[in-house]
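Since the structure comes first, as C-alpha cells, the remarks are kept for the end.
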Amino acid sequence: MALNTVLHDVTQRIIERSRDTRADYLARMNEAGRHGPHRGDMSCSNLAHGFAACGPSAKDALATDVRPNVAIVSAYNDMLSAHQPFEDYPAWIKEAAWAAGGVAQFAGGTPAMCDGVTQGQPGMELSLFSRDVIALSTGVALTHNMFDAAICLGVCDKIVPGLLIGSLAFGHLPVIFAPAGPMTSGMSNPVKAKVRERFAQGEIGRDELLKAESLSYHSPGTCTFYGTANSNQLMMEFMGLHMAGTSFVNPGTPLRRALTEAAAGRAVEMSHVADDGKARRMCDIVDEKSVVNGLVGLLSSGGSTNHTMHYVAVARAAGIQINWDDFSELSSVVPLLARVYPNGVADVNHMRAAGGIQLMIRSLLDAGLLHDDVMTVEGHGLHHYTKEPFIEGDALAWREGPAASHDEDVMRTVDNPFAPTGGITVMQGNLGRAIIKTSAVAGAHRRIEAPARVFSSQEAVIDAFKADELNRDVVVVVPNNGPRANGMPELHKLTPSLSVLLQRGYQVALVTDGRMSGASGKVPAAIQVTPESKLGGAIGKIRDGDHIVVDCMTGELSVAVADDELEARGCIEFDDAPSAEHGLGRELFALFRNNALPAEEGAGPALHG
C-alpha cells in the first residue's frame, strides 16, 4: 500500500524543519561513538573502579574488553505496583547477557513517582518535572563510559519519556527498553468510575470508596486502564524500541521473564557491528519516521494527552522538531482503532486479547499509515511488530499476530474504525492554543458554549460542586496551573464531579493551563492552554460570566470579549491561591519552574538546548 499522503507530507515537513538540529545531533553521536567506550584505553585506576564489585569472570572479561558490557538503568521501587516487578530483572538480565556473550552491570537507578498516589496532592506539582530528573539520572548512570549497550527498565507516565530523553544523549549506544507489564484485571473500570461518582455526590463513604479502589489496583503491574503508562508501552513498540509484543504481557509469567531475557540477549547482539557495518544505535532507531510512527500509535489508540508534551521533548532530544500541528494533521487521517477505558469499558488485558498492538500495526501498515522502512531493535522494518510472542516448549518464539479483531467492541481495523480520525485535537482562538482529547467525548458534548466560572484550584471547584453552585451550564476555568506557575499538575481529581454534572444534563467543559492525565474522559477538557496565565496568557484574564466556546469539531477555543478589553485586563490573582513554592520538596524545584518551556515545547527545562 502506498504511503498516505498526509503521513508523507507531515514526515517530510518534520525532516525539513529538523534538518540542522538533527544533523548536529547525529554529528555529536558519531563523535561520541568514535571516542568510546574503550575500556582498554582507560587508566588502570579508572577501570579497576569500574569493575571492582564484579565477580572474577566478569572482571576478566571487562579487563580484556572481550565481552560487550550492557548497562542496566532501572526505575525500580517496591512501593509502586508498575515498577515493583523490576526487582528481579537485573539478575535475569545479567545471567542472560552472560549466556549471550556479554556482561551486564546495574549502572544506576532513577526515581519513579506515581500520579495515582500524588493526584490532587502537593507532590503532584513535582510530577512533570520528575521526567527531567529521570533524564538527568539516566545520564549520570551512563556517563561512566563503561558500556557498549543499555537496557532501560521503566513503565509509567514520566518514567519512559525521561529514560528516552536521557538515553538519547547516549544515542551512539544501542538501547532497548523492557517493561513490567499490566496487572491482571480487577474491578472493571466502569464500575470503579461509578463508585467514584457516587462518592463525589456523598452517596457512599470513604470506606466503600477505598475498597473499590483496592479491588481495582490490586497487584504488581501497571494500572490496567489506558492512560499515560500504557500509552508509553504501546508507543515504544510503534517506535521499535521494545521486543515485539512485549508491552502488555503480565508480570510474574514465564513469558514475561523470557521476553526480559531475550531483551538482554538482543542488547548484547546489537552491541556488535552488524553485517551492514552499522551497530543498531539508538540514534539510528529514533529518527523522524519512527517518531511519526509513535504519534500514529498514540492517535490510533486514543492515548494520553500527556504525550503531546512528552514526545515534543523526546523528539527534541534526538534533534527532531515536532509541534502540536503535526499531532493535529496526523489525527485528521489516523482512525481510532481501540476502545479501552476511559474511551471504552475494556482494559489493556482485554485489548491484548482482542488483537492488541500486533493487529493495530498490521492494519495501519496495510493502509499506508505507518512507515515500515525504519530500523528497530528487532531489525529493519516495523513489520516485525505484527508478530506476537509465545512459549513453545521451553523456548520463546514468535508467530504472526491476528489479522482480524477478536472483539470489535474493543479493537478494530482501518477499514472499520470506531472513528475516522484520531482522539486528539488542537484548539486555537483568542485564549491561545490547547489540546483536547475527544475519543471519549460524546457527540452531544463536542461543542460547549456556556458562561465561565473561574477557580483558584481544583479544590475550590470541588467545594463549589459540593455546595451545588455548579448545577447549570458552565465552563470551569482553572488558571495558574502551567509549568511556570506550579509545575503543571494533572487535575484529574475534577473528573468525577464534572462527570456528575454532565449526567445531570448540563453542558460542561474544563479549560486549564494545567494537565489532565491519560485518564481524560467524557468531559471535554481544553488543557495545556498556552500561553499560560503565569506568562500573561489570556486564560488568566477570563472572569466569571464571560461566554466561552469550546468546540471539539472546529478546534475553536475562545472567549466572547473584545480584543482591546481582553488585552487591558490583568491576569487574575486569587487571595486563596495555594502556594507552589514550598512543602513536600517543591522548594527544590524552583530552578525547573523558573526555566520551564511552554507546553507545546515540552513543558520542562531545556535540557538539550
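The values are calculated or read from the model by the stated rules, or taken from the named source; none is laboratory data. Note that the structure is a prediction, hence the values are computed from the model and not measured. Here the Cβ positions follow ideal geometry from the backbone for every residue, glycine too, while neighbour counts run over all protein chains shown.
Can you tell me which residue is surrounded by the fewest Cβ atoms within 10 Å (Cβ to Cβ) among those in the stretch 463-479 that are farther than 18 Å from Asp546 by Cα and touching a residue at least 40 places away in the same chain (Cβ under 8 Å)?
Lys466
Would you confirm, using the coordinates I've provided, whether Pro451 is touching a residue at least 40 places away in the same chain (Cβ under 8 Å) and over 22 Å from Pro531 (Cα atoms)?
Here the answer is no, as Pro451 does not meet what is asked.
Which residues, counting only those in the stretch 126-151, are under 15 Å from the mean Cα position of the chain (by Cα), within 19 Å of Phe106 (Cα to Cα) and either in contact (Cβ under 8 Å) with a residue 60 or more places away in the chain or not assigned by TED's automatic domain parsing to the domain that holds Ala97 (or both)?
Matches in the stretch 126-151: Ala135 only.
Val117 fails exactly one of the following numbered conditions: (1) among the aliphatic types (A, V, I, L, M); (2) within 27 Å of Arg352 (Cβ to Cβ); (3) buried (at least 21 other Cβ atoms within 10 Å of the Cβ); (4) in the same structural domain as Gly240 (by TED's automatic domain parsing). What is the number of that condition?
The single condition Val117 does not satisfy is (3).
Considering each of Arg543, Arg515 in turn, give the residue that is under 22 Å from the mean Cα position of the chain (by Cα), among the basic types (Lys, Arg) and not assigned by TED's automatic domain parsing to the domain that holds Gln119.
On inspection, the qualifying residue turns out to be Arg515.
Which of the residues that make up the stretch 431-448 are within 20 Å of Val529 (Cβ to Cβ) and part of a helix (DSSP H, G or I)?
Correct list: His445 only.
Taking the stretch 352-388 only, how many residues are among the acidic types (Asp, Glu), more than 23 Å from Asp9 (Cβ to Cβ) and not in a loop (DSSP other than H, G, I, E, B)?
Residues that pass the stated criteria total 1.
Okay, residues lined up against (1) in contact (Cβ under 8 Å) with a residue 40 or more places away in the chain; (2) exposed (fewer than 12 other Cβ atoms within 10 Å of the Cβ); (3) on the phi > 0 side of the Ramachandran plot:
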site: Val10; (1), (2), (3): yes, no, no
site: Cys44; (1), (2), (3): no, yes, no
site: Asp60; (1), (2), (3): no, no, no
site: Ala63; (1), (2), (3): no, no, no
site: Ala71; (1), (2), (3): yes, no, no
site: Ser81; (1), (2), (3): yes, no, no
site: Glu87; (1), (2), (3): no, no, no
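Just one of Gly422, Gly432, Gly482 is at pLDDT below 90 and in contact with a helix residue (DSSP H, G or I) (Cβ under 8 Å, 6 or more places away or on another chain); which is it?
Gly422
Return yes or no: is Thr554 among the hydroxyl-bearing types (Ser, Thr, Tyr) and surrounded by 21 or more Cβ atoms within 10 Å (Cβ to Cβ)?
No; evaluated as a whole, the condition is false for this residue.
Go through the stretch 406-415 and report how many residues are over 13 Å from Asp366 (Cβ atoms) and either in a loop (DSSP other than H, G, I, E, B) or in contact with an Asp or Glu (Cβ under 8 Å, 6 or more places away or on another chain) (or both).
Within the stretch 406-415, residues that are over 13 Å from Asp366 (Cβ atoms) and either in a loop (DSSP other than H, G, I, E, B) or in contact with an Asp or Glu (Cβ under 8 Å, 6 or more places away or on another chain) (or both) number 6.
Output the number of the condition that Gln428 fails; it satisfies all remaining conditions of (1) assigned to a loop (DSSP other than H, G, I, E, B); (2) more than 18 Å from Leu359 (Cα to Cα).
Of everything listed in (1) assigned to a loop (DSSP other than H, G, I, E, B); (2) more than 18 Å from Leu359 (Cα to Cα), Gln428 misses just condition (1).
Restricting to the stretch 578-598, what's the tally of residues that are in a loop (DSSP other than H, G, I, E, B), farther than 10 Å from Asn486 by Cα and in contact (Cβ under 8 Å) with a residue 12 or more places away in the chain?
5
Per-residue answers, yes or no, for (1) in contact with a strand residue (DSSP E or B) (Cβ under 7 Å, 6 or more places away or on another chain); (2) in contact (Cβ under 8 Å) with a residue 40 or more places away in the chain; (3) under 22 Å from Tyr341 (Cα atoms):
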site: Phe177; (1), (2), (3): yes, yes, no
site: Pro182; (1), (2), (3): yes, yes, yes
site: Ala193; (1), (2), (3): no, yes, yes
site: Ile204; (1), (2), (3): no, no, no
site: Leu210; (1), (2), (3): no, no, yes
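Confirm whether His445 is under 23 Å from Ser300 (Cα atoms) and touching a Ser or Thr at 6+ places or on another chain (Cβ under 8 Å).
In short, no.
Looking at the structure I just gave you, is Gly609 more than 26 Å from Val523 (Cβ to Cβ), exposed (fewer than 13 other Cβ atoms within 10 Å of the Cβ), modelled with pLDDT under 95 and touching a Gly at 6+ places or on another chain (Cβ under 8 Å)?
For Gly609, the condition - more than 26 Å from Val523 (Cβ to Cβ), exposed (fewer than 13 other Cβ atoms within 10 Å of the Cβ), modelled with pLDDT under 95 and touching a Gly at 6+ places or on another chain (Cβ under 8 Å) - is not met.
Is it the case that some residue within the stretch 573-596 is among the small types (Gly, Ala, Ser), modelled with pLDDT of 90 or more and buried (at least 17 other Cβ atoms within 10 Å of the Cβ)?
Within the stretch 573-596, one or more residues are among the small types (Gly, Ala, Ser), modelled with pLDDT of 90 or more and buried (at least 17 other Cβ atoms within 10 Å of the Cβ).
Tell me the residue from Ile539, Ile548 that is in contact (Cβ under 8 Å) with a residue 12 or more places away in the chain, assigned to a helix (DSSP H, G or I) and either surrounded by fewer than 21 Cβ atoms within 10 Å (Cβ to Cβ) or among the β-branched types (Val, Ile, Thr) (or both), please.
When all the criteria are applied, what remains is Ile539.
Return the residues of the stretch 93-108 that are surrounded by 19 or more Cβ atoms within 10 Å (Cβ to Cβ), out of contact with any Gly (no Cβ under 8 Å at 6 or more places or on another chain) and not in a helix (DSSP H, G or I); say none if nothing qualifies.
Within the stretch 93-108, Gly102, Val103, Ala104, Gln105, Ala107 meet the criteria.
For the stretch 433-460, which positions are under 27 Å from the mean Cα position of the chain (by Cα), hydrophobic (A, V, I, L, M, F, W, C) and crowded, with 18+ Cβ neighbours inside 10 Å?
Ala434, Ile435, Ile436, Ala440, Val441
Considering the stretch 482-523 alone, what residues qualify as being part of a loop (DSSP other than H, G, I, E, B) and among the basic types (Lys, Arg)?
Within the stretch 482-523, Arg504, Lys522 meet the criteria.
Provide a single number: the residues in the stretch 109-131 that are hydroxyl-bearing (Ser, Thr, Tyr) and either in a strand (DSSP E or B) or under 27 Å from Asp463 (Cα atoms) (or both).
Of the residues in the stretch 109-131, 2 are hydroxyl-bearing (Ser, Thr, Tyr) and either in a strand (DSSP E or B) or under 27 Å from Asp463 (Cα atoms) (or both).
Residues being over 17 Å from Ala263 (Cα atoms), touching a residue at least 12 places away in the same chain (Cβ under 8 Å) and part of a strand (DSSP E or B): count how many of those fall in the stretch 389-405.
Matching residues across the stretch 389-405 total 2.
Looking only at the stretch 401-432, which residues are under 24 Å from Asp513 (Cα atoms) and over 23 Å from the mean Cα position of the chain (by Cα)?
Within the stretch 401-432, Gln428, Gly429, Asn430, Leu431, Gly432 meet the criteria.
Among the listed residues Gly154, Gly171, Gly227, which satisfies the condition of being under 15 Å from the mean Cα position of the chain (by Cα) and under 30 Å from Arg39 (Cα atoms)?
The match here is Gly154.
Please go through the stretch 174-197 and pick out each residue that is within 16 Å of Val348 (Cα to Cα) and under 16 Å from the mean Cα position of the chain (by Cα).
Pro179, Ala180, Gly181, Pro182
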